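*Asks:* Structure incoming, see below.
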């Protein structure tokens, strides 16, 4: 009996000190687990059952313990992402980062196009094997008061200075209606909206040349009908990432995504989605979109534009078991008002692109678009762990066209076949290899003079947390 009373006394003193000095000792108790709460509850139950505290005191202490427990900070790793969060789940801060180290190689004798593309005798510099840090990013995702989200992320790979990629805040009181403002991705294209951590190829397809990326703006978006319908509608500067607006006009963007079989008991079709998207805006005076291959050979340069720019497209995306299949179509039209002789209008520059891609996780993991697979066994030669291996293939086509010869180089396009593999050494480390063969419409705008085709090799070591 004496040992029991001493235990009760010790626990009572501990509880009293925790309640009295909890606000000053939050850092000391930050590492406590959920078992702490269970111990305090057990102690209070014992004190009440033995008649040492009244029911009113019991309820008071329970309330105080709950309140002060909620003020604690918990730290840890989830999927190798470091985080800090309050015990009550109201506040959370996560640290994210990624590093992409690439190697690009070109077919022998491949050369860049010089600035005087109309002059075939102009010298052209070699396209050489290139080692580069494609991405080096660090960022913070935060939630405050449960419904206020923030994201700030920056890029270091383009130079010594910090370049903002994402910087926005979002109110998410209701999943049906969320409001976002800042710099973020325009709601357009499955490929672009998929993070570079989880795209299936080293680079997005040539169709991505037609697609908007990040811009400054505001957007409403949400999920309806039990997750079967997503929508987004926003207004943006239309000038792109980290670029000031040039005129009073704005770009308007909208996207609608449907998962027709999500709520039906048909496992083979539940991941299927169909989406359409569109942007419209007055660009004033500027430059057109351009055409580049996976390894960044530019076969269609920018030309002057002035007036409206319209983009629209649709996508079909599906996955079942270890297989993934998806494709997109994108069409653009850019006006060239007042750029001709005597202020006359030139013909529009039209862009059109499409691709179809397929993937197969040969090691049997489930394919989930926009996420890394749950690797069954991390690569470890000592234990025989293989990691996850995925085979990928894609065929894409991109064409530019203008009826006006002053839209030099006028008409041009490329067909691109990409095959390769992804090797996930762990859920956060991936080796990627792509071989790309390009066939060009205009044999004067190719890496190898007089040859309408060429190949490229792109590879990547990607690490993220």
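*Asks:* Would you be able to say whether some residue in region 381-388 is touching a strand residue (DSSP E or B) at 6+ places or on another chain (Cβ under 8 Å), surrounded by fewer than 21 Cβ atoms within 10 Å (Cβ to Cβ) and touching a residue at least 24 places away in the same chain (Cβ under 8 Å)?
*Replies:* no
*Asks:* Right, residue 95: over 30 Å from residue 446 (Cα atoms), outside the structural domain of residue 428 (by TED's automatic domain parsing), surrounded by 12 or more Cβ atoms within 10 Å (Cβ to Cβ) and in contact (Cβ under 8 Å) with a residue 24 or more places away in the chain or not?
*Replies:* Spelling it out, it is not the case that residue 95 is over 30 Å from residue 446 (Cα atoms), outside the structural domain of residue 428 (by TED's automatic domain parsing), surrounded by 12 or more Cβ atoms within 10 Å (Cβ to Cβ) and in contact (Cβ under 8 Å) with a residue 24 or more places away in the chain.
The rows are residues; the columns are (1) under 22 Å from the mean Cα position of the chain (by Cα); (2) under 30 Å from residue 454 (Cβ atoms).
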| residue | (1), (2) |
| --- | --- |
| 251 | yes, no |
| 264 | no, no |
| 271 | yes, no |
| 302 | no, yes |
| 307 | no, no |
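*Asks:* Would you please name the residue that is modelled with the highest pLDDT, looking only at residues in region 319-353 that are in contact with a strand residue (DSSP E or B) (Cβ under 7 Å, 6 or more places away or on another chain) and assigned to a loop (DSSP other than H, G, I, E, B)?
*Replies:* Top of the filtered list is 322.
The rows are residues; the columns are (1) in the same structural domain as residue 424 (by TED's automatic domain parsing); (2) in contact with a helix residue (DSSP H, G or I) (Cβ under 9 Å, 6 or more places away or on another chain); (3) over 23 Å from residue 369 (Cα atoms).
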residue: 179; (1), (2), (3): yes, no, yes
residue: 187; (1), (2), (3): yes, yes, no
residue: 196; (1), (2), (3): yes, no, no
residue: 212; (1), (2), (3): yes, yes, no
residue: 228; (1), (2), (3): yes, no, no
residue: 236; (1), (2), (3): yes, no, yes
residue: 247; (1), (2), (3): yes, no, yes
residue: 251; (1), (2), (3): yes, no, yes
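*Asks:* Considering each of 356, 375 in turn, give the residue that is assigned by TED's automatic domain parsing to the domain that holds residue 111, surrounded by 15 or more Cβ atoms within 10 Å (Cβ to Cβ), within 22 Å of the chain's Cα centre (by Cα) and assigned to a loop (DSSP other than H, G, I, E, B).
*Replies:* Exactly one of 356, 375 is assigned by TED's automatic domain parsing to the domain that holds residue 111, surrounded by 15 or more Cβ atoms within 10 Å (Cβ to Cβ), within 22 Å of the chain's Cα centre (by Cα) and assigned to a loop (DSSP other than H, G, I, E, B), namely 375.
*Asks:* Does region 297-318 contain any residue that is at pLDDT below 95, buried (at least 22 other Cβ atoms within 10 Å of the Cβ) and within 30 Å of residue 390 (Cα to Cα)?
*Replies:* yes
*Asks:* I'd like to know if region 168-179 contains one or more residues that are surrounded by 15 or more Cβ atoms within 10 Å (Cβ to Cβ), at negative phi and free of Cβ contacts under 8 Å to residues at least 12 places away in the same chain.
*Replies:* Checked region 168-179: no residue is surrounded by 15 or more Cβ atoms within 10 Å (Cβ to Cβ), at negative phi and free of Cβ contacts under 8 Å to residues at least 12 places away in the same chain.
*Asks:* Right, another one. Could you say which residue among 48, 66, 37, 62 is surrounded by 14 or more Cβ atoms within 10 Å (Cβ to Cβ), at pLDDT below 80 and either over 46 Å from the mean Cα position of the chain (by Cα) or in the same structural domain as residue 378 (by TED's automatic domain parsing) (or both)?
*Replies:* Every option except 48 fails the conditions.
*Asks:* Right, next: Inspect all residues belonging to region 285-292 and state whether any of them is out of contact with any helix residue (DSSP H, G or I) (no Cβ under 6 Å at 6 or more places or on another chain), outside any strand (DSSP E or B) and free of Cβ contacts under 8 Å to residues at least 12 places away in the same chain.
*Replies:* The answer is no; no qualifying residue exists.
*Asks:* Which ones in region 131-157 are over 16 Å from residue 168 (Cα atoms), under 15 Å from the mean Cα position of the chain (by Cα) and surrounded by fewer than 16 Cβ atoms within 10 Å (Cβ to Cβ)?
*Replies:* 136 - this is the single residue of region 131-157 that is over 16 Å from residue 168 (Cα atoms), under 15 Å from the mean Cα position of the chain (by Cα) and surrounded by fewer than 16 Cβ atoms within 10 Å (Cβ to Cβ).
*Asks:* Shifting gears a bit: Output the number of residues of region 409-432 satisfying the condition of being assigned to a strand (DSSP E or B) and surrounded by 18 or more Cβ atoms within 10 Å (Cβ to Cβ).
*Replies:* 12
Let's see how each residue does on (1) free of Cβ contacts under 8 Å to residues at least 40 places away in the same chain; (2) assigned to a loop (DSSP other than H, G, I, E, B); (3) more than 22 Å from residue 397 (Cα to Cα); (4) not assigned by TED's automatic domain parsing to the domain that holds residue 106:
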residue: 265; (1), (2), (3), (4): yes, yes, yes, no
residue: 270; (1), (2), (3), (4): yes, yes, yes, no
residue: 276; (1), (2), (3), (4): yes, no, no, no
residue: 279; (1), (2), (3), (4): no, no, no, no
residue: 296; (1), (2), (3), (4): no, yes, no, no
residue: 302; (1), (2), (3), (4): yes, yes, no, no
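*Asks:* Follow-up question, since we're still on this one. Yes or no: region 95-117 includes at least one residue that is modelled with pLDDT of 90 or more, within 30 Å of residue 229 (Cα to Cα) and out of contact with any helix residue (DSSP H, G or I) (no Cβ under 6 Å at 6 or more places or on another chain).
*Replies:* Checked against the condition, which is being modelled with pLDDT of 90 or more, within 30 Å of residue 229 (Cα to Cα) and out of contact with any helix residue (DSSP H, G or I) (no Cβ under 6 Å at 6 or more places or on another chain), region 95-117 yields at least one hit.
*Asks:* Continuing with the same structure: Kindly establish whether residue 254 is on the phi > 0 side of the Ramachandran plot and surrounded by 16 or more Cβ atoms within 10 Å (Cβ to Cβ).
*Replies:* On the way: on the phi > 0 side of the Ramachandran plot: no; surrounded by 16 or more Cβ atoms within 10 Å (Cβ to Cβ): yes.
Criteria not met by residue 254.
The values are calculated or read from the model by the stated rules, or taken from the named source; none is laboratory data. Just so we're clear, the structure is a prediction, and the values are computed from it rather than from any experiment. Note that each Cβ is placed from the backbone with ideal geometry, even for glycine, and that neighbours are counted across all protein chains shown.
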